[in-house]
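Undergrad: Please see the structure below; I have some questions.
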Protein chains: 4
Amino acid sequence: MSRGRLEAFSDGVFAVAITLLAFNLAVAGPGHGPLLHQLTDRWPAFLAYLISFFTIGIIWVNHHAVVDNIALVNRTLLFLNLLLLLFVVAIPFGTATMATYLTESGQDANVAMVVYVITLLGMGLSFGGIFAWSLGAGRTHRPIPAGARRAVTFRFTIGSVLYVMALVIAFVSPAIALAIVGLVAVYYISEGTVPGRKAPM
Amino acid sequence: MSRGRLEAFSDGVFAVAITLLAFNLAVAGPGHGPLLHQLTDRWPAFLAYLISFFTIGIIWVNHHAVVDNIALVNRTLLFLNLLLLLFVVAIPFGTATMATYLTESGQDANVAMVVYVITLLGMGLSFGGIFAWSLGAGRTHRPIPAGARRAVTFRFTIGSVLYVMALVIAFVSPAIALAIVGLVAVYYISEGTVPGRKAPM
Amino acid sequence: MSRGRLEAFSDGVFAVAITLLAFNLAVAGPGHGPLLHQLTDRWPAFLAYLISFFTIGIIWVNHHAVVDNIALVNRTLLFLNLLLLLFVVAIPFGTATMATYLTESGQDANVAMVVYVITLLGMGLSFGGIFAWSLGAGRTHRPIPAGARRAVTFRFTIGSVLYVMALVIAFVSPAIALAIVGLVAVYYISEGTVPGRKAPM
Amino acid sequence: MSRGRLEAFSDGVFAVAITLLAFNLAVAGPGHGPLLHQLTDRWPAFLAYLISFFTIGIIWVNHHAVVDNIALVNRTLLFLNLLLLLFVVAIPFGTATMATYLTESGQDANVAMVVYVITLLGMGLSFGGIFAWSLGAGRTHRPIPAGARRAVTFRFTIGSVLYVMALVIAFVSPAIALAIVGLVAVYYISEGTVPGRKAPM
């Protein structure tokens, strides 16, 4: 298994999953009230689209940064990568479920938010698994300096801890849980793990 | 982040988004009147498909022309690119909404056209952002001559100005706004920014 | 525009379009009669899936054979390629419409078959356009020998002529038109334009 | 036809098919009972998603391992590869049908499981066809040692035999058939045909 095809397949899955997010924006069509009301009533769908789009986008960027440096492709890495994609593919489902139920009363909104956060947490943890695996001796082209290890590990840990917090809070307040998930996306956009790099000619 | 994987991911998103445009062509099926009537009644869907297909196709061509020359891939570029893809992915939604409501009476047709033009304008502006970013010193392999800068900037500006015009006119006449959007596509097909180039062996 | 990215984008569109064909296989679910009846009643969907899958698959193979030899990527080629993809993307729509209406009485079956054949014919003609364009001086790496030109031109012409025949016959007998379309696929599978070639290491 | 584009197209189809699996997770929405009940009632959909996701993932890994070593791309290989993709693309349909009918009474659950196993068996057999084809003289870069031939042939055969068993058992007990299909996935994850390999720089 070459790294190139691992990337091509993963890129394909990321691209399809991120595009399918927009499916949930569709309105019901004529006969369901004024379009303007349909659109404004669906604000959770638009907000969810924004958060999930950038969350998948960031994990794609980070996936590349880690995989780009990997020297050995073995069965464990392939399994971890499939696990990551399993959750990435489930995010449009989690997003749609959350957006549909966010404004419902009763426990439905809590359940929906728990489902959504589980897809994100699963993605974060399996990505952390890939990163942890890559720290093993001889698995990267360039050794990762201790400082960078600590910094990147810190950033990954913070994201996972915040997702666990969001998971617990989702049982009480879906709105606060969603705010935390949105914050994680904003944090990673501004504090990502990918330094600028000269692109090869 | 290498330029190659930025292109692969973007190509994937462009390809999925352009293919999903055809979803909105589907007819309701038997029991909804003669098929011929169903098809002719849906002329806005076919027209919208044509316009959006070529609009995404052109932006893909231009995306390649700009990215192909980029020497530095940094966080700002990645964010601008995600912003562009955010709008590209939303275009099938905007197209379907517009086509469904174009022939509706009342303000629904106006609202639908505004939504559609916003997705196109957002795509145009974020693409303009990528182009503007690429003009910074040291960000391209080949320096862009001042004449080409002016010509390309002019073409991008004209498109955005026309989209803003279409956005304003959509509040009054969705049909005229759609005509403008179609004109932009025709203009870019005939006046694109990509000169013929020898492909490498 | 490099040839590589033209191929990557086209491959993406081909891959998504061919996968979306399977959407039309879905059954209505419990409460719509025994599953076995639902499946056997839907034989046109399975037959249509087979024919369209191999038709798109063959055009993908031929697309590669032609593009692989192209030395110059210019605006005309990009436009012709977009035109080809416009029809490829419409094939799942044509296929679903045809399969849904094939066994309907009245003119609906005729109309549906006409729609289906138009998507195939449009694909064939725009592909022929790409091939004709590639015959121009200096547009390929290896000059195409006169014998190969004639042979390939003959094969493309036969396919288009058969599609035009199917289009005319569709107005009278959708079943015969479908048989012709199926024959074209079988013909191209056994008589393709792609000779075996050593793959580079 | 270069091997590279065969891989790119196949990767695209694998990526779209694996992502579409998640479509079947979608819940009916508000007004169909508590979300928690909807989710727990749909356990077959989640189980089916897991099994099919890893089954497609494994076949993708194995596809790469075989194709990576192929030196000659000819018409037979292209046809076998299209046949494989025909079944891969049908797996989301088979998975959704199976998951929807697994808990239905009467023969529907049996029929649905038969459909599901047919898509998997078809995929397995056409993949076996590609592998058998690759054993011909001069078709691979590195000759495959006799020991590896036997080991890989054994693993492919075991999978197909188990799928045939599941097919027969599906007529009697869909649950046992599903357990066998799940076992095949677990077996291939732990006993795959892809040794660790140094990735090129």
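The values are calculated or read from the model by the stated rules, or taken from the named source; none is laboratory data. All values reported here derive from a predicted model rather than from experimental measurement. We place every Cβ from the backbone using ideal geometry, glycine too, and count neighbours over all the protein chains shown.
Undergrad: State whether one or more residues within the stretch C:46-58 are modelled with pLDDT under 90 and crowded, with 17+ Cβ neighbours inside 10 Å. Walk me through it before giving the result.
TA: From the stretch C:46-58, those modelled with pLDDT under 90 are none; that's our starting set.
No: zero hits.
This table checks each residue for (1) surrounded by fewer than 16 Cβ atoms within 10 Å (Cβ to Cβ); (2) of a type outside the set (S, T, N, Q); (3) closer than 25 Å to D:Ile18 by Cα.
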| residue | (1), (2), (3) |
| --- | --- |
| D:Gly122 | no, yes, yes |
| D:Leu125 | no, yes, yes |
| D:Gly147 | yes, yes, no |
| D:Ala151 | yes, yes, no |
| D:Leu167 | no, yes, yes |
| D:Ala179 | yes, yes, yes |
| D:Tyr188 | no, yes, yes |
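Undergrad: Testing A:Ala132 on (1) touching a strand residue (DSSP E or B) at 6+ places or on another chain (Cβ under 7 Å); (2) surrounded by fewer than 18 Cβ atoms within 10 Å (Cβ to Cβ), one condition comes back false. Which one is that?
TA: Result: A:Ala132 passes all but (1).
Undergrad: When you go through (1) within 11 Å of another protein chain (Cβ to nearest Cβ); (2) in contact (Cβ under 8 Å) with a residue 12 or more places away in the chain; (3) over 18 Å from B:Val186 (Cα atoms); (4) part of a helix (DSSP H, G or I) one by one for B:Gly128, which number turns out not to apply?
TA: (1)
Undergrad: Looking at the stretch B:55-66, can you tell me whether even one residue there is part of a helix (DSSP H, G or I), of a type in the set (S, T, N, Q) and within 12 Å of the chain's Cα centre (by Cα)?
TA: Initially, the stretch B:55-66 is screened for residues part of a helix (DSSP H, G or I), giving B:55-66.
From what's left, of a type in the set (S, T, N, Q): B:55, B:62.
Filter once more, keeping what is within 12 Å of the chain's Cα centre (by Cα): B:55, B:62.
Yes, the stretch B:55-66 contains at least one residue that is part of a helix (DSSP H, G or I), of a type in the set (S, T, N, Q) and within 12 Å of the chain's Cα centre (by Cα).
Undergrad: State all residues of the stretch A:64-100 that are closer than 19 Å to A:Gly136 by Cα and aromatic (Phe, Trp, Tyr); if no residue qualifies, say none.
TA: Within the stretch A:64-100, A:Phe79 is the sole residue that qualifies.
Undergrad: Whether any residue in the stretch B:134-148 is in contact (Cβ under 8 Å) with a residue 60 or more places away in the chain and part of a helix (DSSP H, G or I) is what I want to check. First the steps, then the outcome.
TA: So the first thing to find is which residues in the stretch B:134-148 are in contact (Cβ under 8 Å) with a residue 60 or more places away in the chain, and the list is B:134, B:138-142, B:144.
From what is left, the residues that are part of a helix (DSSP H, G or I) are B:134.
Yes - at least one qualifying residue is present in the stretch B:134-148.
Undergrad: Which condition number does A:Val27 fail, the rest of (1) more than 8 Å from chain D (Cβ to nearest Cβ); (2) in a helix (DSSP H, G or I); (3) of a type in the set (Val, Ile, Thr) being met?
TA: Checking A:Val27 against (1) more than 8 Å from chain D (Cβ to nearest Cβ); (2) in a helix (DSSP H, G or I); (3) of a type in the set (Val, Ile, Thr), the one that fails is (2).
Undergrad: Sticking with this structure for a sec: Might you let me know whether the stretch C:2-22 holds any residue that is within 14 Å of chain B (Cβ to nearest Cβ), among the acidic types (Asp, Glu) and closer than 24 Å to D:Val16 by Cα?
TA: Step one: filter the stretch C:2-22 for residues within 14 Å of chain B (Cβ to nearest Cβ), giving C:2-22.
Filter again for among the acidic types (Asp, Glu), leaving C:7, C:11.
This time we only want the ones that are closer than 24 Å to D:Val16 by Cα, so: C:7, C:11.
Yes; the residues of the stretch C:2-22 include at least one that is within 14 Å of chain B (Cβ to nearest Cβ), among the acidic types (Asp, Glu) and closer than 24 Å to D:Val16 by Cα.
Undergrad: For the stretch D:1-37, give me the residue count where each residue is surrounded by fewer than 16 Cβ atoms within 10 Å (Cβ to Cβ) and touching a residue at least 24 places away in the same chain (Cβ under 8 Å).
TA: Adding up the residues that qualify gives 1.
Undergrad: Name the residues in the stretch C:56-68 that are more than 10 Å from chain B (Cβ to nearest Cβ) and touching a Ser or Thr at 6+ places or on another chain (Cβ under 9 Å), would you? Spell out how you get there, then give the answer.
TA: Applying the first criterion (more than 10 Å from chain B (Cβ to nearest Cβ)) to the stretch C:56-68 yields C:56-66, C:68.
If the condition is that a residue be more than 10 Å from chain B (Cβ to nearest Cβ) and touching a Ser or Thr at 6+ places or on another chain (Cβ under 9 Å), then C:Trp60, C:Val61, C:Asn62, C:His63, C:His64, C:Ala65, C:Val66, C:Asp68 are the ones that fit.
Undergrad: Can you confirm whether the stretch B:93-110 contains a residue that is over 19 Å from the mean Cα position of the chain (by Cα), aliphatic (A, V, I, L, M) and in a helix (DSSP H, G or I)?
TA: Yes, because at least one residue in the stretch B:93-110 is over 19 Å from the mean Cα position of the chain (by Cα), aliphatic (A, V, I, L, M) and in a helix (DSSP H, G or I).
Undergrad: Continuing with this model, one more query. Can you find, within the stretch A:75-99, the residue that is farthest from D:Tyr49 (Cα to Cα) among those that are at the interface with another protein chain (Cβ under 7 Å from one of its Cβ atoms) and without any contact (Cβ under 8 Å) to a residue 60 or more places away in the chain?
TA: It comes out as A:Arg75.
Undergrad: Could you figure out which of (1) free of Cβ contacts under 8 Å to residues at least 12 places away in the same chain; (2) more than 24 Å from A:Phe156 (Cβ to Cβ); (3) at the interface with another protein chain (Cβ under 9 Å from one of its Cβ atoms) isn't true of A:Trp43?
TA: Result: A:Trp43 passes all but (3).
Undergrad: To continue, here is another question. Any idea which of (1) more than 27 Å from C:Leu21 (Cα to Cα); (2) modelled with pLDDT of 90 or more; (3) more than 9 Å from every other protein chain (Cβ to nearest Cβ) is the one B:His37 doesn't satisfy?
TA: Looking at each condition in turn, B:His37 falls short on (1).
Undergrad: Return the residues of the stretch C:9-19 that are more than 10 Å from C:Phe53 (Cα to Cα) and not small (Gly, Ala, Ser); say none if nothing qualifies.
TA: Once the filter is applied, which keeps residues that are more than 10 Å from C:Phe53 (Cα to Cα) and not small (Gly, Ala, Ser), the stretch C:9-19 yields C:Phe9, C:Asp11, C:Val13, C:Phe14, C:Val16.
Undergrad: Sticking with this structure for a sec: How many residues are surrounded by fewer than 24 Cβ atoms within 10 Å (Cβ to Cβ), touching a residue at least 40 places away in the same chain (Cβ under 8 Å) and of a type in the set (Gly, Ala, Ser) if we restrict to the stretch B:100-120?
TA: Going through the stretch B:100-120 one residue at a time, the tally reaches 1.
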